[in-house]
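Written out below as structure tokens is the structure these notes cover.
The values are calculated or read from the model by the stated rules, or taken from the named source; none is laboratory data. Please read all numbers here as calculations on a predicted model, not as lab measurements. Note that we place each Cβ from the backbone using ideal geometry, even for glycine, and neighbour counts take in every protein chain shown. Side chains included, ligands, DNA and RNA excluded: accessible areas come from the protein's heavy atoms. Shrake-Rupley method; radii C 1.70, N 1.55, O 1.52, S 1.80 Å.
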Amino acid sequence: MLTIDKIFHASVVLKQIVRATNIVHTEGVTEECSLFLKPENLQKTGSFKLRGSGYKIAMLSDEEKARGVIACSAGNHAQGVALAATKSGVKSLICLPDSAPISKIEATKKYGAQVCLVEGVYDDAYNRALELKEERGYTFVHPFDDEDVIAGQGTIGLEIVQEINDIDAVIVPIGGGGLISGVACAIKSMNPSVKVYGVQAAGAPSMLQSVHNGSIGCLESVSTIADGIAVKQPGEHTFQLVQKYVDDIALVTEDEISSAILALMEKQKMIAEGAGAVSVAAAMFRKFPIEGKRVVSLVSGGNIDVTILSRVIERGLMKSGRSSTLVIELIDKPGQLQNVSRIIADCGGNVTSVQYERAGEIESINGCYLKIGMETRNYAHVQMIAGALRDNGFKLIGKNGEA
């Protein structure tokens, strides 16, 4: 079983490999608690994964290093193994699911690894990596269910406790469980009073379901923008460590993850990927009893695919009420759009788009629909605008227009 001594040893070994990621105090991200961030998105390769893979490879024998290493990953572990192996003069082969973002695939190659794309998700890449390990004699570097890897990730917990000794809780993302296992072991060993909470995406709740059921289970499928934690089945070691050290696990939705990514960008000028933002989403949307507490959210990675960033931002704006849509049913006559625009402007809203559509044949021959896109402050602001339109005789339909 993992020990605190092993984590301390990993911290010494990794000093020449990893970058210091000093804790940051947030302003305006949430009023629920005093929130701090452990920004592993600023780590080399943009993710905490370098720690676990770096320590694992450092612990290999000369013979194992000569044969090379193989790993599987949705992207971040791949980059960590690639860089750690290259720095140690070890050849590496990485199996990635073909759904991994192109940016992560190319980054893995840039760090010196050979890449093998596998059809499916992480678990399919994992099975292929095991096959190649047997065929070619590589040493397999597991992304989470390995004691050395977990110890490497646990160095984050040491750093948190050493930097802030009066925290009440730490919130950590969970995929396969390697990160939270190491962090929780380190924190609970040094200060058992600190709560350690885990967060998973609602579309990939493998650890939560396994803990609730009391045994490891495998999901039929996973679906989430937090691709770094889209894992069907937790590991045997990580499951045991989570049971032993973690106080609670919660789920966050895609909208909540998007809102957290947006909040980090706006309030902290910090880029987080979906998996990295789930810990912040949990604090923002009150998933744990942290009101008035001093809390650290671990932002585990920042390797978000820029091609989906605009969609994530738009989703975050919609979730927070910053972007909204009203559908208005009205009589098609001159001046209607002008009146609608005036009311919205008087309420402080900003019209960003207008879509006009005539009513159907079975509806009023003079009827039409206006779909108005707006920039707004929050949901209360949307409802204020909707109320003003109703007071002026306009009929609103659709979710955002409901009272």
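For this structure, a couple of remarks:
- Computed from Cα atoms, the angle from the helix 336-346 axis to the main principal axis of the chain rounds to 60 degrees.
- Taking 7 Å steps out from each Cα toward its Cβ at Arg19 and Ala388 produces label points 4.6 nm apart.
- Förster-model FRET efficiency, 51 Å R0, Lys244 and Glu375, C-beta, rounded to 0.05: 0.60
- Estimated at 0.36 nm per residue, the fully extended path between Arg294 and Val351 surpasses their Cα-Cα distance by 16.6 nm.
- With 10 Å bins from 0: P(r) over region 66-182, alpha-carbon pairs, percent: 14, 41, 31, 11, 3, 0
- Summed over the residues of the chain and divided among them, the accessible surface reaches 43 Å² per residue at a probe radius of 1.4 Å.
- Solvent-free Debye calculation, one equal scatterer per alpha-carbon of region 1-130: log10 I(q)/I(0) at 0.16 Å⁻¹ equals -0.85.
- Extension gain, Asp255-His9: 0.36 nm per intervening residue step, less the Cα-Cα distance, totals 84.6 nm.
- Proximal charge balance of Arg136 [Cβ under 14 Å; K/R count +1, D/E count -1]: 0
- Degrees separating the helix 147-163 axis from the principal Cα axis of the chain, which is the longest one: 60
- Computed over every Cα-Cα pair of the chain and binned at 10 Å starting from 0, the pair-distance distribution P(r) comes out as 5, 22, 28, 20, 12, 9, 4, 1, 0 percent.
- Evaluated over region 115-233, the Cα radius of gyration and Dmax, each in Å: 16.0, 51
- Solvent-accessible area assigned to carbon and sulfur over the chain amounts to 47 percent, based on a 1.4 Å probe.
- When the pairs Lys293/Lys319; Lys188/Lys319; Lys232/Lys267; Lys269/Lys395 are compared against a 29 Å limit on Cα-Cα distance, Lys188/Lys319; Lys232/Lys267; Lys269/Lys395 fall above it.
- Region 249-380 gives an Rg/Rh value of 1.13, both radii derived from C-alpha positions and Rh following Kirkwood.
- Between Ile164 and Lys269, residue separation times 0.36 nm minus the direct Cα-Cα distance comes to 35.6 nm.
- Protection proxy ranking, highest mean first, for peptides 271-278, 42-49, 229-236: 271-278, 42-49, 229-236, where packing is the per-residue count of other beta-carbon atoms within 10 Å, averaged.
- Residues considered: Ser353, Ser206, Ser11. Largest GNM mean-square fluctuation over the chain, using C-alpha springs under 10 Å, is found at Ser353.
- The label point for Glu236 and the one for Ser88, both projected 7 Å from the Cα toward the Cβ, are 2.3 nm apart.
- The chain: antiparallel DSSP beta bridges as a percent of all, rounded to 5: 45
- Label positions at Met190 and Val306, each projected 7 Å from the Cα along the C-beta direction, are separated by 3.6 nm.
- Between Asp98 and Asp332, the FRET efficiency from the beta-carbon distance, with R0 = 45 Å, is close to 0.35.
- When the Gaussian network model of the chain links Cα atoms closer than 10 Å, the mean-square fluctuations of Ile150, Ile249, Ile102 top out at Ile102.
- Largest GNM mean-square fluctuation across Pro143, Pro334, Pro39, computed for the chain with C-alpha springs under 10 Å, falls on Pro334.
- Eligible lysines near Lys109 by straight Cα distance, threshold 22 Å, same-chain separation 8 or greater: Lys44, Lys49, Lys56, Lys65, Lys87, Lys91, Lys133
- Cβ-Cβ FRET estimate between Asp62 and Glu131, R0 fixed at 30 Å, reported to 0.05: 0.70
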